[in-house]
Amino acid sequence: DAGITQSPRYKITETGRQVTLMCHQTWSHSYMFWYRQDLGHGLRLIYYSAAADITDKGEVPDGYVVSRSKTENFPLTLESATRSQTSVYFCASHTGDGKNIQYFGAGTRLSVL
Amino acid sequence: AQRVTQPEKLLSVFKGAPVELKCNYSYSGSPELFWYVQYSRQRLQLLLRHISRESIKGFTADLNKGETSFHLKKPFAQEEDSAMYYCALRVRGLTGGGNKLTFGTGTQLKVEL
């Protein structure tokens with residue numbers, strides 16, 4: 001279970017502030033994903049990464065920035081937080097081995113006031 | 001465009017009663033479907049994949065291409081089945097063998113005594 005960890009678990013911030021959510025995995029999985037979970041919308045993909053230095057937009061990328069300088073880390077940055085970005089954020093990873101199973105972190109609950 | 005529909009936000013059943021969580025999909029390619037589950041205070045995890053044709057914790061799901069459905073079923077609900085259930089569709093392959101998933105909006109299953 002400790003294979004993929006997110007930090008912080010809870011975060012309160014104010015509108016306009018920059019916030020970075022961390023994701024770290026110990027499996028050396030090639031693929032990593034960021035989702036947001038909202039009532040009525042389920043899980044929506046924000047960004048994903050196929051390998052270090054390779055990232056691409058998902059369904060709802062606006063207002064977010066990602067980087068992947070190392071395989072094990074995939075931070076998500078809200079450049080100027082807005083109230084609409086209040087959500088639960090999940091990081092996931094995937095081996096690319098053909099089984100198509102994604103492994104999720106415990107989530108970060110972010111409140112933007 | 002790909003889409004996963006879970007029509008019920010909440011499903012409440014009594015312990016011992018049959019459970020059916022509905023999932024319909026829209027996808028032009030060859031579908032590969034999953035059910036993920038999130039128990040209270042736990043991370044999202046894979047429950048089952050249609051390609052495995054297995055039963056996990058008494059749950060089964062059959063892919064019906066004619067009806068474009070992948071309903072999750074269990075003959076006798078248990079209290080520990082109470083959780084949020086997400087249906088997911090593999091959308092497309094990524095370079096190197098990875099895949100993106102599109103999730104439904106989720107169904108909260110509540111098993112009452």
| note | Inter-chain shielding metric for A:99-111, i.e. average beta-carbon neighbours from other chains within 10 angstrom, reads 4
| remark: Answer check: region B:3-112, Cα atoms, Kirkwood Rh, Rg/Rh ratio of 0.97
| message | Test of the criteria: in region B:56-89, which trypsin sites (Lys or Arg not before Pro) are in a DSSP loop and have at most 10 other Cβ atoms within 10 angstrom of their Cβ? | response | B:65
| What lysines could a cross-link reach from residue B:15, if we take a straight Cα to Cα line under 30 Å and drop same-chain neighbours fewer than 8 places away? | B:57, B:73, B:74, B:110
| request: Can you list which of the chymotrypsin sites (Phe, Trp or Tyr not before Pro) found in region B:19-98 are DSSP loop residues with at most 13 other C-beta atoms within 10 Å? | output: B:39, B:76
| query | Pick from A:58, A:40, A:96: which is most flexible by mean-square fluctuation in a GNM of chain A where alpha carbon atoms under 10 Å apart are linked? | reply | A:40
| message | Give me the inter-chain shielding for A:39-46: mean count of other chain Cβ atoms within 10 Å, whole number please. | response | 5
| field | Sparsely packed trypsin sites (Lys or Arg not before Pro) within region A:4-113, loop by DSSP, other Cβ within 10 Å at most 16 | value | A:9, A:17, A:70, A:99
| task | With 5 Å bins from zero, work out the P(r) of the protein assembly as shown over every alpha carbon pair and list the percent per bin. | result | 1, 7, 15, 18, 19, 16, 12, 7, 3, 1, 0
| note | Cα-based Debye curve of chain A sampled at q = 0.12, 0.14, 0.23 Å⁻¹ gives log₁₀ I(q)/I(0) of -0.37, -0.50, -1.35
| field | Residues of type aspartates and glutamates that residue A:70 reaches as a straight line, Cα spacing below 13 Å, ignoring anything fewer than 8 places off in the same chain | value | A:53
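Here, each number is a calculation from the coordinates, and none is a lab measurement. Not measured: the values here are computed from a predicted model. We place every Cβ from the backbone using ideal geometry, glycine too, and count neighbours over all the protein chains shown.
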